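Everything on this sheet refers to the single structure shown next.
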Amino acid sequence: MAIELNFTIEGGDFSNAGKASSKIKKVLKQLNIEAKIIKKIVVAVYEAEVNVAAHAYSGNVKALVGENDVVVMVSDSGPGIENVELAMKEGYSTASKEVREMGFGAGMGLANIKRNTDELKIETKVGEGTTVTFSLNYS
Amino acid sequence: MFLLMNNNKKYHALKVDTQKCFGCTHCMKICPTEAIRIVNGVAVIDNQRCVDCGNCLRACPADAFYVEQDDLSKINNYKHRVVLFPSVFIGQFSEIYSEGQIYEALLELGFTHIFEVEQPAGWLMESIKDFSGENTHRPLISSFCPAIVRLIQCKYPSLTAHIVRRKAPHDLAAHFAIEQLKKEGAKEDEIGIFYVSPCSAKMAAVNQPVAEKESIVTGVINMKDLYNRIMKLIPTKEKMDTSGFRRYLSREGILWSLPRGESAWYRKKSMAIDGIHNVVKFLERLENDEVPEIDFLELKSCSEGCAGGILLTGNRFLTVERLQKRAARYPKAAQVEVENAAKELVKKKLVADEIKPEHIFVLDQNRSKAIEKLQKINDILCQLPGLDCGGCGAPNCHALAEDMVKGKAKMTDCVFLQNKYLKEQKVKPEKAYKNLEKIWGKQRFEADCNKKGGRNEGF
Ligand SMILES: Nc1ncnc2c1ncn2[C@@H]1O[C@H](COP(=O)(O)OP(=O)(O)O)[C@@H](O)[C@H]1O
Ligand code: SF4
Ligand code: SF4
Ligand SMILES: [Mg+2]
């Protein structure tokens, strides 16, 4: 059995990025998941949320919180990623000047997601959008 | 210790006077941990969830919350009667009274020794800085405000390791006072240490410390009560020189319990936040790693720090203003010399135990059961109107849904659903009415032109 949580994110809406990760966090606390694990998931979800706000037009987060693991899918309609390998590199960023001035766009997001999860899959189509899927086992 | 409780049950100094409470829901709505429900027409506090912040007392239009305290006559059981109070106590008094006059009134009341808890605060700051060398978690979070410590324990378990393992200024002052008195020849069992508390949180913490075996303080005094007594006894003119009692007080010490009092002293990259609802928002972010690097976080539950404590009299901003003026008259901590050889001993006693998380929001120890319950909460939420009206006796729809899966509430507690069920003839009118009475009490439905609610009282 798993519980499904859904959230929507608008491109450019940085003030609401973080809502999904906070709600997911509350649920994980109610399940008595270890604090260290919660932190990893929350950081990963937050980075994915920020990426939609920073790079895409709109998107949604779907989290499946299960007994042994959590699976998160963040899909957006947006420009897509031309070179995923390059995007994964720490420090690589195409973020606009405005986004950087807001304190985002250090180019660490995707790498951070990878570091904090067990599995990460990026499906993307230039001109259409991106789906980032990641999962983490509790144990 | 008079108020001391056994350790298994969480002690709280805040109580509800069920004669005065009429279940208006103001407290229930403001509580940061959703600890309050209305049962039988009165507010009931969940012992596990309450962090003693006192917001319920502030929000109450009927003055129904009170704070337990020790009887002041108990001081007479001791030969040496020491009063310890935080500097904010002085800040409440109008400028027409000098600190000397206030000190004289305290002696008149029966105390033999007076210590403001922030002397010698330099030792505590030194000790906190020592801790920053032992602990690599950043930011370190101040352990000063007990409401915040308890909030972190239950709501932010991952951050407990960040809390500075040092005791509060009143512990420092108590140990310091004992050492001073012993130096003057007093025997330890003849010394009674009475701490004047600005809030319910410190009261609870003194009676049941979170991170130490037992409290060093002999009794706790309600600051509001003491203020009223002092106002009766205060002499019109200073008759003696009491400045000796204040010789270790410093500028930084006086400001310690105000916003930025600790962080300004700690320096480095430090930040201060006051007001528990502000703190909650910040800790959410901190837990998500959404904040830049910070070395030290000072968090205070009351807005304007202890100047806004629930047991203070007068306006918090005026209190801050007076204390700032007062602080400017005192030397800097570095210039205050303390000729007491007990420094290392006292510093050792300031080390507190590790603070452990309390998983009170966990739905079920069995994870698959907890997931089932979560699913049930979501299903229930689909049915509830989402108005967060409080008509069910819970602070919002979500809280009611959680209560339901815990077996503490039922669908018909929602006044909207109840009406729907009535229309669908799923419940009988008598039963529906009885249910409302169970939450709101029988009197709720009696006409009463003098009742306190519904007239914007308290605003
Ligand atoms: N959802 C997305 N849609 C389009 N491009 C993306 C998306 N997520 C990441 N990218 C691209 O990958 C790069 C690296 O992403 P990330 O590591 O999160 O760094 P940052 O967001 O700080 O630029 C981004 O600059 C952007 O070019
Ligand atoms: S003291 Fe604070 S936490 Fe406790 S019931 Fe009152 S508002 Fe809630
Ligand atoms: S800020 Fe001060 S007065 Fe307010 S709860 Fe914390 S310790 Fe008590
Ligand atoms: Mg990013």
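FYI, it's all coordinate maths here, none of it is from the lab. None of these values were measured; they are calculated from a predicted model. Cβ sites come from the backbone with ideal geometry, for glycine too, and all protein chains shown count toward neighbours.
Relative contact order for chain B using alpha-carbon pairs under 8 Å, separation at least 6, rounded to a whole percent? The partial results should precede the final answer.
On the way: 788 pairs, mean separation 102.1, N = 459.
Normalised by residue count, the contact order of chain B is 22 percent.
Principal axis analysis of the Cα atoms in the stretch B:223-371 yields extents of 72, 38, 29 Å, listed in decreasing size. Translational diffusion of the stretch A:3-137, estimated by Stokes-Einstein from the Kirkwood radius over alpha carbon pairs at 4 °C in a medium of 1.567 mPa s, is 88 µm² per second.
Using C-alpha positions alone, give me the convex hull volume of the stretch B:14-67 per residue in cubic angstrom. Don't skip to the end; give the middle numbers.
Numbers: hull volume 3.5 nm³, N = 54.
In the stretch B:14-67, the Cα convex hull volume per residue is 65 Å³.
3J(HN,Hα) couplings calculated from phi for the stretch A:115-127 with the Karplus curve 6.51 cos²θ - 1.76 cosθ + 1.60 (θ = phi - 60°) are, in sequence order, 4, 9, 10, 7, 9, 9, 10, 10, 10, 8, 9, 4, x Hz; Gly and Pro show x. Kindly list the residues of the stretch B:280-318 that lie in the label zone of residue B:136, defined by a backbone N under 11 Å from the point 7 Å along the Cα-to-C-beta vector. Output list for this probe position: empty.
Here, the protein assembly as shown has an Rg and a Dmax of 27.3, 86 Å when only alpha carbons are counted. Beta-bridge orientation, the protein assembly as shown: approximately 65 percent antiparallel, per DSSP, counting only bridges with both partners inside.
Angle of helix B:169-183 to the longest C-alpha principal axis of chain B, folded into 0 to 90 degrees and rounded to 10: 30°.
Once divided by 2.2 N^0.38 Å, the Cα radius of gyration of the stretch B:367-427 becomes 1.12. Across all Cα pairs in chain B, the calculated P(r) in 10 Å bins from zero up to the longest distance comes to 4, 19, 28, 24, 14, 8, 3, 0, 0 percent per bin.
Using bins of 10 Å that start at zero, the share of Cα-Cα pairs per bin across the stretch B:251-305 amounts to 26, 51, 21, 2, in whole %. Each label was represented as a point 7 Å from its Cα along the Cα-to-Cβ direction; for residue A:57 and residue B:109 these points are 6.9 nm apart.
For a quick check of your reading of the filter: which GluC sites (Glu not before Pro) in the stretch B:242-298 sit in a DSSP loop and have no more than 10 other Cβ atoms within 10 Å? Spell out each step's value before the answer.
Working: sites: B:252, B:262, B:284, B:287, B:290, B:293, B:298; in loops: B:262, B:290, B:293.
Loop-located and lightly packed - B:293.
Given their separation in residues at 0.36 nm each and the Cα-Cα distance between them, residue B:387 and residue B:315 gain 22.5 nm when the chain is fully extended. The label-point distance for residue B:430 and residue B:229, in a model that sets each label 7 Å from Cα toward Cβ, rounds to 5.6 nm.
Test of the criteria: in the stretch B:137-208, which GluC sites (Glu not before Pro) are in a DSSP loop and have at most 16 other Cβ atoms within 10 angstrom of their Cβ?
Counting only loop positions with at most 16 other Cβ atoms within 10 Å, the GluC sites (Glu not before Pro) in the stretch B:137-208 are B:184.
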